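The values are calculated or read from the model by the stated rules, or taken from the named source; none is laboratory data. A quick note: this is a predicted structure, and the numbers were derived from the prediction, not measured. Reconstructed Cβ throughout: ideal geometry from the backbone, glycine too, with neighbour counts over all protein chains shown. Just the protein is used for accessible areas: all its heavy atoms, side chains included, with ligands, DNA and RNA removed. Shrake-Rupley method; radii C 1.70, N 1.55, O 1.52, S 1.80 Å.
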Amino acid sequence: MTQPTASDQLNDTASKAIQAVLESECISVFFQPVVSVRSKSILGFEAFSRSVSGEGARLDARDLFGQKWDAGTRLSLCRLCRRKALEAFRPIFQKHPQMLLLLNTDGGGLAAAQKNGHLEAVSQALNIPGKRIVIELERPYLSAPEVARFVAFYRERGFGLSVDLCGGMGVPAEELFALKPDFIKFDRPLYTDVEGQEYKRDMVQSMNRLAERLGSTLIAKNVETENEALLLLDWGINHQQGYFYTKDKDSAERDPIRAFQQKVEDINRRYRENAQAGVAAKRKRYADFHAVLKKVAYKMADCREMDFSAACERLVAAEESLVCAYVLSDDGIQITPRAFKRSLAADSPLLGADRGRGTDHGIREDVLHLKSGFDKYVLPVKISPFVKLLVSAISARFYNAEGSPFILCVEFLSE
């Protein structure tokens, strides 16, 4: 007879433990607030489950849901945890009927369901309307047919939908467009350790634009510190969730809702103070940029067209904040090479031997606006493909010494 391996014994122990949980229904539920920092409000709570016994914590969420249980076991466990979560949420809902409950659903167990309706029956029995319940699904099961049927069933009955992208960096765009969830959650890998990985900001902001296209709300989850909360706000992520927003141990506030509210209000105030200081600094920076632009344009107005190139070289060398300068014809044809500071490496293959001279910029955004009557135009801040630095670009019309119209294009170091 083959002796059981250590792995077999471990699996057998885990199976017995999960069966004991299902029989005893010893599930403890705790809630984590989902907040809107901008409106200083709490949208609702996500419910988390763990198993407890007389000796204390027994199985945490990873033990409960991270195992390779069969579909029937997963479904039974999921239904048990959802019922316990709704029972624990009911007193909160009775005091705060505007709150949402984000309820995790194990997509891996739905294949064992003979029909949908269990969650609806529990919510009706507890007098919690479906419109206050948001079903939350994780990435691995989004394309399963039983998940699609489950979602359609509950969306028809007014339940909300949240998709948790878990810890991945990629975005399942096709599934998101098919499901059109009310909420999309992303995790810590996209907003921590950002130094030297500035692309994370671009990824989060791109995800935010995708959410807006879908009519969804993007939520950053597992926020743990004030600095993380402020960073996310700076990136435009107003909806957040995590231990940071739970009640502090030394808080004297007895109402947990009010304790959460105080934390949100504190972050709102801190961000407003930081943002106001940032706006003041940005305003001064752009005032300085416009002063330099005016000065450069004034000097270019004294030049003949044949002297433009040399003038651009001199002015870029003289003005500390300037990265690059060049001149276009009134129709947007580049008539001077791009003049860069000598300290900057600008040998990009995009420029060619003449550093852009002769390029037609006639359909570029700034040229089109200047041709329509604008005196000057500020382009969005971007990384220059030539010097690999963050630059602010401003274009302005001017008339030279010969009375002909031209467009001056200058780029400033933005940081």
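A compact table of results
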{"read-out": "Among residues of region 100-140, those that are within 25 Å of the chain's Cα centre (by Cα) and among the β-branched types (V, I, T), counted", "value": "4"}
{"read-out": "Every pair of residues 6+ apart whose Cβ atoms lie under 9 Å, when the first sits in region 336-359 and is free of Cβ contacts under 8 Å to residues at least 40 places away in the same chain and under 20 Å from M300 (Cβ atoms) while the second is basic (K, R) and surrounded by fewer than 19 Cβ atoms within 10 Å (Cβ to Cβ)", "value": "T336/R357; P337/R357; A339/R314"}
{"read-out": "Failed item, numbered, when C303 is tested on (1) of a type outside the set (V, I, T); (2) under 22 Å from the mean Cα position of the chain (by Cα); (3) surrounded by 15 or more Cβ atoms within 10 Å (Cβ to Cβ)", "value": "(2)"}
{"read-out": "Residues satisfying the stated conditions in region 310-330, i.e. in contact (Cβ under 8 Å) with a residue 40 or more places away in the chain and either acidic (D, E) or open to solvent by less than 20 Å² (accessible area, probe 1.4 Å) (or both)", "value": "L322, V323, C324, A325, Y326, V327, L328, D330"}
{"read-out": "Filtered residue count, region 141-157, keeping only those that are closer than 24 Å to F45 by Cβ and open to solvent by 50 Å² or more (accessible area, probe 1.4 Å)", "value": "3"}
{"read-out": "Single match in E175, E195 (criterion: without any contact (Cβ under 8 Å) to a residue 60 or more places away in the chain and in a helix (DSSP H, G or I))", "value": "E175"}
{"read-out": "Flag for L86 being under 19 Å from D182 (Cβ atoms), part of a helix (DSSP H, G or I) and touching a Leu at 6+ places or on another chain (Cβ under 9 Å)", "value": "yes"}
{"read-out": "E273, sole failed condition from (1) of a type in the set (D, E); (2) within 23 Å of R397 (Cα to Cα); (3) assigned to a helix (DSSP H, G or I)", "value": "(2)"}
{"read-out": "Residue check for E365: surrounded by fewer than 14 Cβ atoms within 10 Å (Cβ to Cβ), closer than 18 Å to F398 by Cα and of a type outside the set (S, T, N, Q)", "value": "yes"}
{"read-out": "Single residue of V204, V163 found to be surrounded by 19 or more Cβ atoms within 10 Å (Cβ to Cβ), outside any helix (DSSP H, G or I) and of a type in the set (V, I, T)", "value": "V163"}
{"read-out": "Tally of residues being more than 17 Å from F289 (Cβ to Cβ) and aliphatic (A, V, I, L, M) across region 388-406", "value": "1"}
{"read-out": "Those residues of region 87-140 which are modelled with pLDDT of 95 or more, open to solvent by 20 Å² or more (accessible area, probe 1.4 Å) and within 28 Å of V171 (Cα to Cα), in sequence order", "value": "L100, K131, R132"}
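Yes/no per residue for (1) of a type in the set (V, I, T); (2) in contact with a Ser or Thr (Cβ under 9 Å, 6 or more places away or on another chain); (3) at pLDDT below 95:
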| site | (1), (2), (3) |
| --- | --- |
| L379 | no, yes, yes |
| I383 | yes, no, yes |
| A396 | no, no, no |
| L413 | no, yes, yes |
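To keep it simple, each residue is scored yes or no on (1) touching a Gly at 6+ places or on another chain (Cβ under 8 Å); (2) open to solvent by 50 Å² or more (accessible area, probe 1.4 Å); (3) within 24 Å of A277 (Cβ to Cβ).
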site	(1), (2), (3)
L179	no, no, no
E198	no, yes, yes
L232	no, no, yes
Q262	no, yes, yes
